[in-house]
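Structure, as structure tokens:
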Amino acid sequence: MTVGRFGTAALVAAALAMTGVGAASAAERNAAPLVRAVTLDGIMRHLKAFQRIADRHGGNRSVGTFGYFASFRYVSLALAKAGYQVQTQPFSVRIFEVLSTPHLVRLTAGRHAYKADKDFAPLYYSGAGEVTAELALAAGIRMPPPKTPRSTSGCSARDFPPRVRGKIVLVQRGGCDFRAKAEHAAKAGALGVIIFNEGQVGRRDLVSGSLGQPQTIPVVGATYNIGRRLYDLVRASKKVRLKLTVDARSRRVETWNAIAELPGPHDARAIVVGAHLDSVPEGPGINDNGSGAATILEIAIQMREIGFVPRNTVRFAFWGAEEEGLYGSTHYVDHLGPRERRRIMANLNFDMLGSPNFVRYVYDGDGTIGPKGPAGSAEIEQIFDHYFADRNLVTEPADLDGQTDYVPFMEAGIPVGGLFSGASEKKTRAEARIFGGKAGEPLDPCYHHPCDDLSNISRKSLVQLGKGAAHAVGTLAILKHDIRPADEATAEAAEAAGAAAAAELEYRGPMLVR
């Protein structure tokens, strides 16, 4: 049975049974007490606390707010009460705020005012300003677009000749990060940038994403239709004059990661179990990602409660500023020394485990449907698949597309894996037959909205994926062998391959970056 965009995932359980790899290993069997100890009631207790925190602090728990600080404090105190020593890892991050409605108006070739957030929108970290100037075309625009994405418009300084100086420049999406396009344009003297979608199926809507860091000139994304119309006007030798206004700012805030570990006697191996603690400003973030944070918090507490003795060190990490672009997890990995990086044999990431119209997604470590994770990632995927197959629960692989906190670990060549129950993507008919729920509807209709509250949680999804998470943590904690490459040369090659794969990802966190 084929499952829409994610391939033949419905056959995972059957394939495991046929090949015999569904049989539990000794490590997997020994993780059973932890799986039993992690309960829905325990996870829900923390989710209810996160909801109370959001209710008391403006309806959200986003970075730079009292809601995030209160969430951080709750997690830290709960870990300390369970017997952990909690490390506070401070870092700063710039957050971007649009202060008033942006404007894009065509003043010549037929005056037309484009609609904000429908036709165009400022990219995250856009510069501010009001610019009235002629429109110029960057080199490399492909019209009509080829069947597969190929445009590299704006990816080279050569794509911005002297004629763009003092003008607003039109650039096509594709080939490299938005940041590179914006920075090349600014260095060439452009006063503003419009990056329009490339034009293939699935790449025609409004380009909405991040520039990675603050820019000096206004930069907006636009739909393919808007870009095509402007391109045609310029190519028809019509002088197109535009007025572009972006009223926004980037400000720096201080925030923290919370980290606690249960040491194991095998000092050479550690597992980092992560979930982001922040929400978006628009809502309380109970599924995204209170569900993941509550789950790993309960796993940490129960490991202490039942006297779980790991062979390998288990490190629990509650990341800040994921919604801004994976800043907390990136800060953590960037500040690891070479020896400490080499110690980490796995990163497990849990982001959204309770989606109301859920699918049981397991991150695709072996590259079946997308980028392949660093060496060892396939073994993590198998641990999850074995667990669910043994319970006759079908899973589906989720593409390692860059949308959450495994990315900096992937860049460092560290094996990655985890679970996910779905965000704004719509459930296919095949998925509805397999997992239940409503075909054609978002897996989480409240993703990044105010309604992402306690009523948005599927308890069925939360307990199934929560126990699956506990199983993987317990299994890796007592695993006798290392899933990383054994020799240094292979490890260095894995790191280089991971960095190369991560550099091609279109997302960094929830934001599109290319």
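The values are calculated or read from the model by the stated rules, or taken from the named source; none is laboratory data. Bear in mind the structure is a predicted one, so any value in this text is a computation, not a measurement. All Cβ positions, even for glycine, are placed from backbone atoms using ideal geometry, and neighbour counts span all protein chains on display. Quick note on the areas: whole protein, heavy atoms, side chains included, nothing else; ligands and nucleic acids left out. Shrake-Rupley method; radii C 1.70, N 1.55, O 1.52, S 1.80 Å.
In what order, largest first, do PHE50, PHE96 sit by accessible area if the probe radius is 1.4 Å? Provide the component values of the computation, followed by the final result.
Values: PHE50 0, PHE96 25 Å².
Largest accessible area first, the list is PHE96, PHE50.
What size of dipole, in debye to the nearest 20, comes out for the chain about its Cα centre when the only charges are +1 on Lys and Arg C-beta atoms and -1 on Asp and Glu C-beta atoms? Could you put the intermediate results ahead of the total?
Values: 61 positive and 53 negative charges, 344 e Å.
Rounded to the nearest 20 debye, it is 1660 debye.
Putting +1 on Lys and Arg Cβ atoms and -1 on Asp and Glu Cβ atoms, find which of GLN87, VAL201, SER126 reaches farthest to the positive end of the dipole of segment 59-211.
Projecting each Cα onto the dipole axis, the largest value belongs to VAL201.
Counting pairs of Cα atoms in segment 284-330, how many percent are more than 18 Å apart? Walk me through the numbers on the way to the answer.
Numbers: 444 of 1081 pairs.
The share of Cα pairs beyond 18 Å in segment 284-330 comes to 41 percent.
Obtain the nm distance between the two label points defined at LYS239 and ARG304 by a simple spin-label model: each point lies 7 Å from its Cα along the Cα-to-C-beta direction.
My value for the distance between the label points is 7.2 nm.
Using only helices, what value at 222 nm comes out for the chain when you add -39,500 (n - 2.57) per DSSP H run of length 4 or more and divide by the total residues, to the nearest 500 deg cm²/dmol? It would help to have the intermediate numbers written out before the result.
Details: 15 runs with 163 residues, N = 514.
When only DSSP H runs of four or more count, the value is -9500 deg cm²/dmol.
Please state the charge dipole magnitude for segment 292-375, taken about the Cα centre, from unit charges on C-beta atoms (+1 on K and R, -1 on D and E), reported in debye and rounded to the nearest 20. It would help to have the intermediate numbers written out before the result.
Numbers: 9 positive and 10 negative charges, 111 e Å.
Here segment 292-375 has a charge dipole of around 540 debye.
Taking the Cα centre of segment 77-233 as origin and charging only Cβ (+1 Lys, Arg; -1 Asp, Glu), how large is the dipole, in debye to the nearest 20? It would help to have the intermediate numbers written out before the result.
On the way: 21 positive and 11 negative charges, 79 e Å.
Dipole of segment 77-233, to the nearest 20 debye: 380 debye.
Considering only Cα-Cα distances, which of the following residue pairs are longer than 19 Å: LYS167/LYS243; LYS181/LYS239; LYS187/LYS243; LYS48/LYS438; LYS115/LYS243?
Working: LYS167/LYS243 11 Å; LYS181/LYS239 23 Å; LYS187/LYS243 21 Å; LYS48/LYS438 26 Å; LYS115/LYS243 13 Å.
As for pairs spanning more than 19 Å Cα to Cα, those are LYS181/LYS239; LYS187/LYS243; LYS48/LYS438.
Could you tell me which residue out of GLN213, SER250, TYR224 lies farthest along the dipole of segment 212-261 toward its positive end? Charges go on the beta carbon: Lys and Arg +1, Asp and Glu -1, centred on the Cα centre.
TYR224
Relative to the present Cα-Cα distance, how much length would full extension add between ARG165 and CYS451 at 0.36 nm per residue of separation? Don't jump to the answer; show the numbers that get you there.
Details: separation 286, 0.36 × 286 = 102.96 nm, distance 4.56 nm.
Full extension of this stretch gives 98.4 nm more.
Once ligands and nucleic acids are excluded and a 1.4 Å probe is used, how much of TYR124 is accessible, expressed in Å² to the nearest 10?
Around 40 Å² of this residue is reachable by solvent.
For a quick check of understanding: with a 1.4 angstrom probe and all protein chains in place, what accessible area in square angstrom does GLU130 have, to the nearest ten?
My reading of the accessible area for GLU130 is about 130 Å².
Per-residue accessible area for CYS155 at 1.4 Å probe radius, Å² rounded to 10?
Only protein atoms counted, so the area is about 40 Å².
By accessible area of protein heavy atoms, probe 1.4 Å, what ranking do LYS81, LYS167 get, highest first? Walk me through the numbers before you get to the answer.
Working: LYS81 185, LYS167 50 Å².
Most to least solvent-accessible, the answer reads LYS81, LYS167.
What is the pair-distance distribution P(r) of segment 271-404, computed from all Cα-Cα distances in 10 Å bins starting at 0, with each bin given as a whole percent?
Values per bin, smallest distances first: 11, 36, 42, 11, 0.
Counting DSSP beta bridges in the chain, what percent are antiparallel, to the nearest 5? Please report the intermediate quantities before stating the final value.
Details: 40 of 76 bridges.
In the chain, DSSP labels about 55 percent of beta bridges as antiparallel.
Once you wrap a convex hull around the alpha carbon atoms of segment 221-346, what is its projected area averaged over all directions, in nm²? It would help to have the intermediate numbers written out before the result.
Working: hull surface 51.0 nm².
Seen from a random direction, the Cα hull of segment 221-346 projects 12.7 nm² on average.
Which of ALA260, MET352, PRO162 sits closest to the plus end of the dipole of the chain, meaning its Cα is farthest towards the positive end, when Lys and Arg get +1 and Asp and Glu get -1 on the C-beta?
PRO162
What number, in percent, do you get for the relative contact order of the chain if the mean sequence gap of Cα pairs under 8 Å and at least 6 apart is divided by its residue count? Before the final figure, lay out each step's value.
Numbers: 1282 pairs, mean separation 106.8, N = 514.
With pairs under 8 Å counted, the relative contact order is 21 percent.
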